[in-house]
Amino acid sequence: MPLPQRLSGPVVSSSCFPRIPYTVKFFAPDPSGGLLIRSITVQVTCNNTGPCEARISFSIPREDFDKALERTLTESGRNVRMKGFRAGKVPRSFLEKQFGPDARRQVVEDFSQQAFKQAIEEHELKPVGRQSIVLDGVDFDTPEGLEHEFDVSLRPTIDITDYKGIEIESELTPVKDEELDDALDDLRRQQSTPQAVNEEGLPSDGVAVLTLRWERDGETVFEREGLRMSPEAAPPGVDADAFKEALTGTQVDDERELPFTIPEDFPEVDEEHRGKEAACHIKITEAFEMIPASDEDLAKMLESDDYDSAREIARKQMQESREAQEMQRQETLLLQQVLAAHDFELPSSMVEEQVSGRVQQLTVQLTQQGLEGDELEAEVTKQTESIRNEVQQGTKALFLVSELAEREGLEVTQEDISGELAQIAQRNQASMEEVVKYYRENRLLDQVAIELIERKVRKFLRENANVLAPS
């Protein structure tokens, strides 16, 4: 079966920060430059330009650059076919004309990759994010050779303390009998079966299949057939008490008419009619009373031999759900406290990149909603600061979670990721192969790993907290 456009992915924990807004990608040197590039020693310098940023500069002698360029042009021309020349013997002038600009850029990229690798090793850099190397304005033909520089974002330095033994009070309470009764009553109603009404007509908690028509000045402005409605759920704009009173006791083919005001924001009615007084016509085509599930039905649903045993099964399930919610609440509060206790600088370029992307998405959404001009600009400006705060909070949480995981040796294994993807496949009724392909093509595997490590950190904080009994 085809996959939905949005898979039901990892269950994002209800942490105090928004979904992590940045995929961590450690920059891996690309071996495409060949042995010649990698065998040349690159002169590299590295200077900090901010709390979490560095500028890497490097230089390549003219002779070394030319050798690398020649090698790249030769590789590019191996498969070129040109009349009058054997494969691999195409003239240098033709290769230069055909591939020269791209080859020069490739050589600079390859040397930049090597410079980056050397800087990481020599200066113990901890880069983060997708590092882009800008080649605009590079002078490829200076007599001295190549000189270039680029900026990288670095992981912040975090002096992390006081994250074990945090006091927190539990709010877990046992399931009371009245809570259990209410839950079972809800389950009875949810599993009710419809039955045609008797001579007393439609009960207030019954269900009617009806035709709904709105008229204004003799003109039908809205009509729907086959609507399933309860007397306890009035249509928009209709007084709830009047609707309930009008429908209760009705039989098939009964008709009712109620005055009402067409809602201002009802999209299926022309704008000229919105907010105006009209008549709501109702005709009953089917009427049912809902028969709640019996004790025997509940026992069967809960896979129990009798109702008393079913009650205990339901109690246990409710208690387990309550415990899971309490653990999640504790984890959220603990992570909030750890976040609040640590303040550190963030890579500004990384934050700004995320803010810019989010603002662009917002602009597209608002434009699709019909905003334009000054109104669009004002709304984007209004929301930008909120976006920036969310990005900063999310980025801070990302680094703090990563630091905690590293300090405590918490890791995400391939087995963890495979297990998570298997659960996603099961939820979406898809094959494992389809899900893996989807997540790879959409570059979501890093996000899966981040969410898994977040869960492990949250669990660690809770298991190492001082959880007090409810007061």
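Within the stretch 231-240, if we keep just the residues that are crowded, with 18+ Cβ neighbours inside 10 Å, at negative phi and touching a residue at least 24 places away in the same chain (Cβ under 8 Å), the residue that is nearest to the chain's Cα centre (by Cα) turns out to be P235. Inspect all residues belonging to the stretch 250-267 and state whether any of them is modelled with pLDDT of 95 or more, over 15 Å from L212 (Cα atoms) and of a type in the set (D, E, K, R). No; the residues of the stretch 250-267 include none that is modelled with pLDDT of 95 or more, over 15 Å from L212 (Cα atoms) and of a type in the set (D, E, K, R). Could you tell me whether any residue of the stretch 316-324 is at pLDDT 95 or above and among the hydroxyl-bearing types (S, T, Y)? Yes, the stretch 316-324 has at least one match.
Among the residues making up the stretch 143-201, a single one is in a strand (DSSP E or B), of a type in the set (S, T, Y) and more than 30 Å from T250 (Cα to Cα): S153. Kindly indicate whether T220 is within 30 Å of Q251 (Cβ to Cβ), free of Cβ contacts under 8 Å to residues at least 12 places away in the same chain and over 35 Å from the mean Cα position of the chain (by Cα). Taking the combined requirement at face value, the residue satisfies it. In the stretch 300-316, which residues are assigned to a helix (DSSP H, G or I) and out of contact with any Ser or Thr (no Cβ under 7 Å at 6 or more places or on another chain)? K300, M301, Y307, D308, S309, R311, E312, A314, R315, K316 - these are the residues of the stretch 300-316 that are assigned to a helix (DSSP H, G or I) and out of contact with any Ser or Thr (no Cβ under 7 Å at 6 or more places or on another chain).
Exactly one residue out of L333, L371, L346 is surrounded by 13 or more Cβ atoms within 10 Å (Cβ to Cβ), closer than 23 Å to S402 by Cβ and at pLDDT below 95, and it is L346. Within the stretch 413-455, if we keep just the residues that are within 23 Å of L335 (Cβ to Cβ), among the charged types (D, E, K, R) and surrounded by fewer than 18 Cβ atoms within 10 Å (Cβ to Cβ), the residue that is modelled with the highest pLDDT turns out to be D416. I'd like to know if the stretch 330-350 contains one or more residues that are over 30 Å from T161 (Cα atoms) and assigned to a helix (DSSP H, G or I). Checked against the condition, which is being over 30 Å from T161 (Cα atoms) and assigned to a helix (DSSP H, G or I), the stretch 330-350 yields no hits at all.
Among the candidates E403, E352, single out the residue that is surrounded by 12 or more Cβ atoms within 10 Å (Cβ to Cβ), under 20 Å from the mean Cα position of the chain (by Cα), under 22 Å from I450 (Cα atoms) and among the acidic types (D, E). Of E403, E352, the one residue that is surrounded by 12 or more Cβ atoms within 10 Å (Cβ to Cβ), under 20 Å from the mean Cα position of the chain (by Cα), under 22 Å from I450 (Cα atoms) and among the acidic types (D, E) is E352.
The residues listed here are E411, E377; of these, the one that is in the same structural domain as I450 (by TED's automatic domain parsing) and in a loop (DSSP other than H, G, I, E, B) is E411. Checked against (1) part of a helix (DSSP H, G or I); (2) acidic (D, E); (3) modelled with pLDDT under 85; (4) within 41 Å of the chain's Cα centre (by Cα), D136 passes all but a single condition, namely (1). Taking the listed residues F260, F266, F243, the one that is part of a strand (DSSP E or B) and on the phi < 0 side of the Ramachandran plot is F260, with no other qualifying. The numbered conditions (1) within 19 Å of E199 (Cβ to Cβ); (2) touching a residue at least 60 places away in the same chain (Cβ under 8 Å) are all true for K283 except (1).
The values are calculated or read from the model by the stated rules, or taken from the named source; none is laboratory data. In this text, all values refer to a predicted model and were calculated from it rather than measured experimentally. Reconstructed Cβ throughout: ideal geometry from the backbone, glycine too, with neighbour counts over all protein chains shown.
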